[in-house]
Amino acid sequence: MNPDEDELFKHAMEDVTPLKSRNNIIWLKTSAETKVVQKAPEKPENFLIDGFIDVLPLATPLEFKAEGIQQGVLDKLRQGKYQLDASLNLLRQPVADCRRALFDFMLQARKDNLRNLLIIHGKARDDRSHANIVRSYLARWLQQFEEVQTFCVAQPYHGGSGAMYVGLRKTEQARLDNREKHAKRSR
């Protein structure tokens, strides 16, 4: 553009206001080939309970093993022998925020094919402390996810009684990848 065309363009655009960004606007290409903009898949409804629950006594260790899971898997998780893929920090957050954060975290973990997680809920001094209430909710919420196969108290270097390890089932994609990986070795 030469300087005259630049000035002419600026003069023509003085009273123009940009369009507001909206999800319902579909921009069509002027060429013969057009693309249809697809909406992002809707996030599933948060199915985690949000009512009152019985608070677990501090003396009760957090531990869960789904039916059909070998004891060795839980033992190895408890000993911290699995490499952690991600962690979630719920320290000093309201229970409603913890519920929402856990649900989003678990959806993302499933989407990213993660297997071993660390959830930090905080150490409690008595049964009615906030950290123990969150801990009690976590014990209930995690059992509501089909992909959770185990969970237990973390090792001291990962937070001890203020954190927990969570083991997830392999996704179908991870199984296929594993089969393909081991099939290449046997050739």
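Computed over the range 47-157, the percent of Cα pairs more than 20 Å apart is 39. A Förster radius of 45 Å, combined with the Cβ-Cβ distance separating residue 181 from residue 123, puts the computed FRET efficiency at roughly 0.70. Proximity of backbone amide H atoms, modeled 1.01 Å from N, is registered between residue 149 and 167, 168, 169 at under 5 Å, excluding neighbours fewer than 5 places apart on the same chain. Other residues whose C-beta falls under 13 angstrom from the C-beta of residue 152 contribute a net charge of +3, scoring Lys and Arg +1 and Asp and Glu -1. Evaluated with a Cβ-only charge set (Lys, Arg +1; Asp, Glu -1), the chain carries a dipole of roughly 1240 debye about its Cα centre, given to the nearest 20.
As a calculated quantity, the FRET efficiency between residue 55 and residue 144 at R0 = 22 Å, using C-beta atoms, amounts to about 0.80. Could you tell me the calculated FRET efficiency between residue 107 and residue 157, based on Cβ-Cβ distance and R0 = 25 angstrom, to the nearest 0.05? Taking R0 as 25 Å, the efficiency between residue 107 and residue 157 is 0.35. Rg/Rh for the range 78-132 (Cα atoms only, Rh after Kirkwood) is 1.02. Compactness of the chain is given as radius of gyration and Dmax, 24.9, 81 Å, from Cα positions.
Out of 168, 101, 13, whose Cα points farthest toward the positive end of the dipole of the chain (charges: +1 Lys, Arg; -1 Asp, Glu; placed on Cβ)? Going by the Cα projections, it comes out as 168.
Our compactness index for the range 129-187, the C-alpha radius of gyration over the empirical 2.2 N^0.38 Å, is 1.61.
Values quoted throughout were computed directly from the atomic coordinates according to the rules given, and no laboratory measurement underlies them. It should be emphasised that the depicted structure is a prediction, and the values quoted were computed from it without experimental measurement. In this analysis, Cβ positions are derived from the backbone assuming ideal geometry, glycine residues included, and neighbour counts consider all displayed protein chains.
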